[in-house]
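Enquirer: This structure is in structure tokens; I'll ask about it shortly.
The values are calculated or read from the model by the stated rules, or taken from the named source; none is laboratory data. All values derive from a computational prediction rather than experimental measurement. Please note: Cβ atoms are built from the backbone with ideal geometry, for glycine as well, and neighbour counts cover all protein chains shown. For the accessible areas, the whole protein counts, side chains as well, though only heavy atoms, and no ligand, DNA or RNA atoms are used. Shrake-Rupley method; radii C 1.70, N 1.55, O 1.52, S 1.80 Å.
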Amino acid sequence: MVAITDDTAAERAELPVMARWATAIRRNPTIAAGAVLLAVLVSLAILAPWLTVDPLKQATINRLRPPSERFWFGTDQFGRDIFARTLHGARVSLIVGLTVAAISGVIGLALGIVCGYFRRIDGIVMRIMDGIMAIPSILLAIALITLTRPGLAVVIIAIVIPEVPRVVRVVRSVVLSIRGQPYIDSAIAGGTRGFKLLARHVLPNTLAPLIVQATYICAAGMLIEAALSFLGAGVPPEIPSWGNIIAQGRNFFQIAPWTILIPGVFLALTVLAVNLMGDGLRDRLDPRLARRM
Amino acid sequence: MTAYILRRLLATLPVMAVVAVFVFFLLRIAPGDPAAIIAGEDATREAIEAVRAKLGLDRPILEQFALWLWRLAQGDLGVSIFSNLPVTRLIGQRLEPTVALTLSTLLVAVALAIPIGVVAAWQVRKLADRLVMIFAVLGFAVPGFLAAYVLIYIFAVQLQWLPVQGYRPIAEGLWPFVEGLILPSVALGVTYMALIARITRASMLEVLSQDYIRTANSKGLATRRVLLLHALKNAAVPIVTVIGIGIALLISGVVITETVFNIPGLGRLTVDAVLKRDYPIVQGLILVFAAVKVLVNLVIDISYAFLDPRIRY
């Protein structure tokens with residue numbers, strides 16, 4: 001048994017880099033597909049200022065031009081280049097998605113651990129979480145935005161609040177499930193307490209489900225941001241986010257469908273990439289969940 | 001059974017209480033001066049004070065809360081800032097299109113997604129199953145408005161089979177009513193269908209691996225009989241759960257779909273209220289939507305007891 005594992009390990013170490021990548025891709029085709037797609041989209045987003053013209057530059061002489069060699073994705077009613085706007089929109093979407101996932105992940109993790117640890121606080125916090133979850137997330141975000149001045153930060157906060165309970169639930173259930181485990185008891189008996197216990201035994205267990213949940217929240221965050229901007233309740237209209245581009249193309253949809261379909265497809269591809277990563281990671285990190293879906 | 005239903009009914013009270021407290025205090029703890037924001041950019045001092053008085057923000061907070069709760073208990077959701085009409089009446093006027101849209105989506109989605117999921121589980125790892133899974137993965141990624149615009153582009157603009165947008169009440173005849181609902185229902189239902197199909201497939205796969213299915217197959221029962229009578233019935237609990245959970249998706253989606261298709265329902269009411277910053281309407285709609293969601297969850301919980309007699313409480 002030992003000899004066999006040593007053999008394969010040695011073999012694997014000798015494999016050239018390319019072959020090792022090939023094995024990794026064959027084993028996790030979903031993660032690989034998602035990662036490649038996402039990498040392409042992220043590079044386009046980062047390189048947007050160098051790849052495109054100014055996304056805000058108006059030129060009425062070029063208004064509503066269909067996709068062509070000069071305007072790859074066509075232009076909108078102000079003659080703005082949709083290719084430039086779409087690539088810049090990727091930046092907004094990705095920033096919102098990642099920030100929402102990170103913030104709700106951190107807040108949810110903290111609250112989830114507190115709930116799992118302290119039974120007295122648990123009851124109150126979970127009732128509040130149930131209440132927040134009863135409100136459809138887009139409506140909650142809309143309500144928050146009604147009461148403040150528009151801006152990217154407000155949109156992010158408004159999306160984070162309805163997403164936090166989902167993280168709290170996942171983390172709390174992990175903490176509750178490991179509470180009574182013998183290795184936790186023995187760690188406590190061995191003198192591991194407080195922060196050390198948390199860092200060494202509790203956090204590592206929450207990590208896998210937390211990462212999986214974070215990818216889904218990232219995807220949901222991007223969809224909600226686009227929906228809010230589309231409704232006119234998202235980021236300020238002068239920012240070229242995908243939702244804003246689509247909203248501004250609405251009245252011209254029948255004569256210039258590219259202004260809506262192209263940013264829409266980009267949004268779907270980005271969400272698809274993140275979801276594929278999430279599905280792949282879930283199958284890899286949490287086999288129990290994988291079997292259920 | 002009755003005791004269980006009563007207990008579940010009581011458990012919805014704290015959730016609704018949290019929702020009520022939440023929407024009430026949201027307005028009070030919002031950063032900056034909500035009265036000034038609602039009144040608009042270049043509002044005069046008097047206009048801001050008028051909004052403040054209308055929202056009751058000039059009175060002690062506990063008094064406001066007590067008054068608000070008292071009115072809420074009587075079914076009074078307050079008065080719109082701009083039209084001065086009671087929020088309940090505004091909601092009542094816009095109810096029909098939204099109920100029609102939601103129900104038709106529910107119908108279309110369930111009628112299509114469950115058979116799709118059953119076929120996928122039956123044909124597992126074959127072409128049909130692969131196609132269903134691709135649809136399921138895409139269904140989660142495609143935003144509602146993209147699905148809506150693609151459908152409009154194909155079926156309304158290019159083929160001209162169906163109207164581009166608009167809503168006809170059922171009183172104006174059945175076909176105009178149905179015609180206007182087809183595209184919005186499919187657009188709204190895409191993600192929902194993906195969700196139901198995926199769970200149906202997973203739940204069916206689990207049941208199909210059971211011994212009694214092998215017995216049913218080996219004693220020569222027709223495949224259709226085994227699939228529908230023996231398997232689907234036992235796979236029902238997760239499917240019903242997800243149909244219920246998905247109602248939340250529909251509620252959020254209604255806001256988008258009604259905007260794209262210009263349907264004068266609660267979704268449009270929400271968007272118009274947000275754009276005018278008419279907070280009492282937004283507040284009332286949140287309460288109504290949350291109540292619907294809580295109620296649906298209650299119905300699902302109770303339905304378990306009927307679907308699976310082994311579940312005892």
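Enquirer: Which of the residues that make up the range B:204-240 are part of a helix (DSSP H, G or I), without any contact (Cβ under 8 Å) to a residue 60 or more places away in the chain, within 14 Å of chain A (Cβ to nearest Cβ) and touching a helix residue (DSSP H, G or I) at 6+ places or on another chain (Cβ under 7 Å)?
Expert: B:207, B:238
Enquirer: Additional query: Please tell me if residue A:191 is under 27 Å from the mean Cα position of the chain (by Cα) and at positive phi.
Expert: Working: under 27 Å from the mean Cα position of the chain (by Cα): no; at positive phi: yes.
No: the conditions fail for residue A:191.
Enquirer: So residue A:132 fits all but one of (1) closer than 26 Å to residue A:260 by Cβ; (2) within 14 Å of another protein chain (Cβ to nearest Cβ); what number is the exception?
Expert: Status for residue A:132: all satisfied but (1).
Enquirer: Additional query: Restricting attention to the range B:81-91, and to residues there that are touching a strand residue (DSSP E or B) at 6+ places or on another chain (Cβ under 9 Å) and open to solvent by less than 50 Å² (accessible area, probe 1.4 Å), which single residue is nearest to residue B:280 (Cα to Cα)? Explain how you work it out, then say what you get.
Expert: First, pick out the residues of the range B:81-91 that are touching a strand residue (DSSP E or B) at 6+ places or on another chain (Cβ under 9 Å): B:85-87.
Checking which are open to solvent by less than 50 Å² (accessible area, probe 1.4 Å) leaves us with B:86-87.
Details: B:86: 9, B:87: 7 Å.
Only one residue fits best here, namely B:87.
Enquirer: So which residues in the range A:130-176 are charged (D, E, K, R) and crowded, with 21+ Cβ neighbours inside 10 Å? Don't jump to the end; show me each part of the working.
Expert: Of all residues in the range A:130-176, those charged (D, E, K, R) come to A:130, A:149, A:163, A:166, A:169, A:172.
Listed by number, the residues that qualify are A:163, A:172.
Enquirer: Any residue at all in the range A:205-221 that is in contact (Cβ under 8 Å) with a residue 12 or more places away in the chain, closer than 29 Å to residue B:164 by Cα, within 14 Å of chain B (Cβ to nearest Cβ) and open to solvent by 10 Å² or more (accessible area, probe 1.4 Å)?
Expert: So far as the range A:205-221 goes, yes, one or more of its residues are in contact (Cβ under 8 Å) with a residue 12 or more places away in the chain, closer than 29 Å to residue B:164 by Cα, within 14 Å of chain B (Cβ to nearest Cβ) and open to solvent by 10 Å² or more (accessible area, probe 1.4 Å).
Enquirer: Another question about this same structure. Name the single residue that is nearest to the other protein chains (Cβ to nearest Cβ) among those in the range B:139-150 being open to solvent by 30 Å² or more (accessible area, probe 1.4 Å) and at pLDDT 90 or above. Don't jump to the end; show me each part of the working.
Expert: Restricting attention to the range B:139-150, the residues satisfying the condition of being open to solvent by 30 Å² or more (accessible area, probe 1.4 Å) are B:140, B:142, B:144, B:150.
If we keep only those that are at pLDDT 90 or above too, we end up with B:142, B:150.
Numbers: B:142: 5, B:150: 7 Å.
Among those residues, the one meeting the criterion is B:142.
Enquirer: Mind checking which residues of the range B:61-80 are open to solvent by less than 60 Å² (accessible area, probe 1.4 Å), touching a residue at least 40 places away in the same chain (Cβ under 8 Å) and outside any helix (DSSP H, G or I)?
Expert: Scanning the range B:61-80 gives B:77, B:78, B:80.
Enquirer: So, one more: Return the only residue of A:283, A:279 being within 10 Å of another protein chain (Cβ to nearest Cβ), in a helix (DSSP H, G or I) and more than 19 Å from residue A:91 (Cβ to Cβ). Steps first, answer last, please.
Expert: Values: A:283 fails: within 10 Å of another protein chain (Cβ to nearest Cβ).
Only one candidate passes the filter, namely A:279.
Enquirer: Quick one: which helices (runs of 4 or more DSSP H) lie wholly within the range B:1-60 and hold at least 1 residues that are away from every other protein chain (no Cβ under 14 Å)?
Expert: Numbers: elements: B:2-29, B:34-39, B:45-54.
Counting at least 1 such residues, we get B:2-29, B:45-54.
Enquirer: If you don't mind, another one. For residues in the range B:152-201 being among the charged types (D, E, K, R) and out of contact with any Asp or Glu (no Cβ under 9 Å at 6 or more places or on another chain), which is least open to solvent (accessible area, probe 1.4 Å)? Even if it seems obvious, please write down each step before you answer.
Expert: If we filter the range B:152-201 for residues that are among the charged types (D, E, K, R), which is where we start, we get B:168, B:172, B:179, B:198, B:201.
Okay, now just the ones that are also out of contact with any Asp or Glu (no Cβ under 9 Å at 6 or more places or on another chain), so B:172, B:179, B:198.
Details: B:172: 105, B:179: 51, B:198: 24 Å².
If we take residues in the range B:152-201 being among the charged types (D, E, K, R) and out of contact with any Asp or Glu (no Cβ under 9 Å at 6 or more places or on another chain), then B:198 is least open to solvent (accessible area, probe 1.4 Å).
Enquirer: Picking from B:260, B:274, which residue would you name as being facing chain A (nearest Cβ under 7 Å) and over 15 Å from the mean Cα position of the chain (by Cα)?
Expert: Details: B:260 fails: facing chain A (nearest Cβ under 7 Å).
Only one candidate passes the filter, namely B:274.
Enquirer: Now for a separate question. Answer yes or no as to whether residue A:153 is within 14 Å of chain B (Cβ to nearest Cβ), among the hydrophobic types (A, V, I, L, M, F, W, C) and within 25 Å of residue A:241 (Cβ to Cβ). Please lay out each step first, then the result.
Expert: Details: within 14 Å of chain B (Cβ to nearest Cβ): yes; among the hydrophobic types (A, V, I, L, M, F, W, C): yes; within 25 Å of residue A:241 (Cβ to Cβ): yes.
Answer is yes for this residue.
Enquirer: Filter the range A:106-129 down to residues that are open to solvent by 10 Å² or more (accessible area, probe 1.4 Å), under 24 Å from the mean Cα position of the chain (by Cα) and more than 14 Å from chain B (Cβ to nearest Cβ), then give me how many there are.
Expert: Of the residues in the range A:106-129, 6 are open to solvent by 10 Å² or more (accessible area, probe 1.4 Å), under 24 Å from the mean Cα position of the chain (by Cα) and more than 14 Å from chain B (Cβ to nearest Cβ).
Enquirer: Are any of the residues in the range B:219-239 out of contact with any Asp or Glu (no Cβ under 6 Å at 6 or more places or on another chain), crowded, with 21+ Cβ neighbours inside 10 Å and under 30 Å from residue B:180 (Cβ atoms)?
Expert: Yes, the range B:219-239 contains a residue that is out of contact with any Asp or Glu (no Cβ under 6 Å at 6 or more places or on another chain), crowded, with 21+ Cβ neighbours inside 10 Å and under 30 Å from residue B:180 (Cβ atoms).
Enquirer: Here is a further query. Restricting attention to the range A:44-72, and to residues there that are hydroxyl-bearing (Ser, Thr, Tyr) and more than 14 Å from residue A:86 (Cβ to Cβ), which single residue is surrounded by the most Cβ atoms within 10 Å (Cβ to Cβ)? Before the answer, list the steps.
Expert: Keep residues of the range A:44-72 that are hydroxyl-bearing (Ser, Thr, Tyr), which gives A:52, A:60, A:68.
Filter once more, keeping what is more than 14 Å from residue A:86 (Cβ to Cβ): A:60, A:68.
Working: A:60: 8, A:68: 10.
Selected residue: A:68.
Enquirer: Okay, moving on. If residue A:190 satisfies every condition in (1) crowded, with 20+ Cβ neighbours inside 10 Å; (2) over 24 Å from residue B:252 (Cα atoms) but one, which is the exception?
Expert: Of (1) crowded, with 20+ Cβ neighbours inside 10 Å; (2) over 24 Å from residue B:252 (Cα atoms), only one is false for residue A:190: (1).
Enquirer: Further question on the same structure: Can you list residue pairs whose Cβ atoms sit under 6 Å apart, with the first residue in the range B:269-289 being assigned to a helix (DSSP H, G or I) and the second being modelled with pLDDT of 90 or more and surrounded by fewer than 22 Cβ atoms within 10 Å (Cβ to Cβ)? Count only pairs 6 or more apart in sequence or on different chains.
Expert: Once the first residue is assigned to a helix (DSSP H, G or I) and sits in the range B:269-289, its partners that are modelled with pLDDT of 90 or more and surrounded by fewer than 22 Cβ atoms within 10 Å (Cβ to Cβ) give B:269/B:94.
Enquirer: If you check A:140, A:198, which single one turns out to be in a helix (DSSP H, G or I) and closer than 22 Å to residue B:284 by Cα? Step through it out loud before you land on a result.
Expert: On the way: A:198 fails: closer than 22 Å to residue B:284 by Cα.
None of the others qualify; the one that does is A:140.
Enquirer: Looking only at the range A:251-276, which residues are more than 26 Å from the chain's Cα centre (by Cα) and either at the interface with another protein chain (Cβ under 9 Å from one of its Cβ atoms) or farther than 16 Å from residue A:66 by Cβ (or both)?
Expert: Going residue by residue through the range A:251-276, those that are more than 26 Å from the chain's Cα centre (by Cα) are A:251-257.
Result: A:251, A:253, A:254, A:257.
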